[in-house]
Amino acid sequence: MPEIRNFCIIAHIDHGKSTLADRMLEITGTVEARKMRAQFLDMHPLERERGITIKMQPVRMNYKNYILNLIDTPGHIDFNYEVSRALAAVEGAVLLVDATQGIEAQTLSNVELAKSLNLKIIPAINKIDLPQARIAETKEEIKNLLGESAGEILELSAKTGDGVEKLLEEIVRRIPPPRNLEAGLPSGSPASFGETQALVFDFEYSLHKGVIAHVRVFGGEITKGKKLKLAAGAERFSASEVGVFKPELAPAEILSAGEIGYVVIGIKEAKAVRVGDTILEDGVSLKPLPGYREPRPVVFSGLYPESQDAFEDLKKALERLKLLDSALFFEEESGGPAAAGLGRGFRCGFLGMLHLEIVVEKLARDFKVKTIAASPTVKYTVKTRRGALEIYAPSKFPDEHARLPDGQEILEVLEPWLKIEVLAPPERLPAVLKLLEAHEAKVGETHKFSESRIKLAAEMPLRELMRDFFDELKSVSAGYASLNYEFLDARPADLLRLDVLIAEEVQPAFSRIVPRRRAEQEAREAVEKLRKILPRAVFSLKIQARAGGRILASRSLPALAKNVTGHLYGGDRSRKMKLWKKQKEGKKRLKERADYQIPAEVYLRAIKK
């Protein structure tokens, strides 16, 4: 153990975390030069295209006489729980800050998390080679954040490799070797290293091997064939293979205390394993490691195949995707209002809007299944005289003054609220405050974070965060503001269901839940947007928005016109009038029996700005 160093890299999106990992792989010779590529640890093409890490990836590097175990983690807030489990598996973290951007709000959250786990934090400033780098200012921000524990702040360029060798040396010098869990986490620690205890910080699924758990061994050892059990999953199994990450799976004879590696559990059902679970020796009574919780979806949306013939393909794709992404929740939704317009589909739960986008993209890319995503929503609690109901779909939200089945009268509607933190330049503060007001936020404390940053605290409904708040924040701050949030509680809300009618038929996929004070504005915006993106038919289409039993907005989409008199070259006008009348009557008959089909791309364009 004295030669092992386990660490993560804490960084905001686009601060150079994956590029720094590339340089480390090159310097330590972990990956051959001919196999090296940019963002090597980002295994999925989607990660490299977007420039973000979606799936955490561990790697074992040999540097001089030391073993360095790096866990490359996602930087987006949607994956905050997975990041917390990765941090619980290591003794140290490199705090990487972009010299051109400074410390961002999400970085603050991860640093506080690392501090709570007693990790050794090594601060480093990246992108010092850029002409717009603000090195002195960024150092001051880091000192304000870490205080006396900041120590020497390293300067490097992950792109050119300058300073990366020095960082590796500091990792060896500053980060302590693995120790008894008692020194790393607050409770649940074993009395000694003799009893097997390992934290599952991630997992993957193989069609041939089954579930492969990514683990940090805190006590004892794991060998092939050893009888083990999952504390939360309550499954018993024998380890069919153990090994380390190079970064591909490399079998080994043993995983000892302090090491990071993988265990092939062999269970074919991925739902038996959860991130944050503890692997214990079967027959030994030992407490599981602390911090485990079930993944909690916060954003819900209905996913429907473009063609109903592809329903079974979508079901199989979601089942396979669930094997790789335990946070994804889905269940079949074949009845109710949505079925009338979109057919059979699935109600799905996601960690956030980015998670939703990634799942839809992966279904299209990896499984060749194109889907229609209904307007995303959050979970609402409707209190009635007979108890509480949980509403996940806008189409199932009760109308105002409605009575639910069995005469259950609606007493109150509750919605989730967030505590948010915004870091922004002082000159952008008025615009940020105006934006917060428009999104129903309650502004709290505001104080100076550094010479060029103001830290602002506020509380806001989750539905308002989903209403393009992040994009608008970047817009009003010219890209300089950053956001972090955490969940608070559920609070009363004055909300209405806004339905959209096309050709006098309700389209459940376009339904949304809106505050009463903004119902008319939302109705006009929804109608105008659909008028622009809906394809015209051979008859006129009426587009309406209805809430609270009233039509709040209405527009007509003109019919496709054909010049039926264009071939005439003169004569009496009655000839033209005769043709126009015949055309009008034909369109009327067609409209009565026509079934207007909304193309799949319209649904996708409707939920995007």
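The values are calculated or read from the model by the stated rules, or taken from the named source; none is laboratory data. All of these numbers come straight from a predicted model, not from anything done at the bench. Glycine gets a Cβ as well: all are built from the backbone with ideal geometry, and neighbour counts include every protein chain shown.
Here are a few things to note about the model shown:
Residue-wise test of (1) assigned by TED's automatic domain parsing to the domain that holds Ala519; (2) crowded, with 21+ Cβ neighbours inside 10 Å; (3) of a type in the set (S, T, N, Q); (4) on the phi > 0 side of the Ramachandran plot.
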site	(1), (2), (3), (4)
Thr446	no, no, yes, no
Ser450	no, no, yes, no
Arg453	no, yes, no, no
Leu456	no, yes, no, no
Met466	no, no, no, no
Glu472	no, no, no, no
Val476	no, no, no, no
Ser482	no, yes, yes, no
Gln507	yes, yes, yes, no
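- Tallying residues that are assigned to a loop (DSSP other than H, G, I, E, B) and at pLDDT below 75 within the stretch 269-288 yields 1.
- Residue in the stretch 128-141 that is in the same structural domain as Asp22 (by TED's automatic domain parsing), under 25 Å from Leu473 (Cα atoms) and under 27 Å from the mean Cα position of the chain (by Cα) present: no
- Checking Ala523, Ala509 one by one, the residue that is within 24 Å of Lys379 (Cα to Cα), of a type outside the set (Lys, Arg), free of Cβ contacts under 8 Å to residues at least 60 places away in the same chain and in a helix (DSSP H, G or I) is Ala523 and no other.
- Qualifying residue in the stretch 413-424 (condition: of a type in the set (Phe, Trp, Tyr) and either within 30 Å of Val382 (Cβ to Cβ) or in the same structural domain as Glu137 (by TED's automatic domain parsing) (or both)): yes
- In the stretch 1-42, the residues that are without any contact (Cβ under 8 Å) to a residue 24 or more places away in the chain and not basic (Lys, Arg): Glu32, Ala33, Met36, Ala38, Gln39
- Candidates Glu319, Glu331, Glu294, Glu312, filtered to the one that is outside the structural domain of Phe487 (by TED's automatic domain parsing), in a strand (DSSP E or B) and under 26 Å from the mean Cα position of the chain (by Cα): Glu331
- Odd one out for Asn563 among (1) surrounded by 12 or more Cβ atoms within 10 Å (Cβ to Cβ); (2) assigned to a loop (DSSP other than H, G, I, E, B): (1)
- Residue pairs whose Cβ atoms lie under 9 Å apart, separated by 6 or more positions or on different chains, with the first residue in the stretch 213-235 and in contact (Cβ under 8 Å) with a residue 24 or more places away in the chain and the second basic (Lys, Arg) and part of a strand (DSSP E or B), are Lys227/Arg236; Leu228/Arg236; Lys229/Arg236; Leu230/Arg236; Glu235/Lys229.
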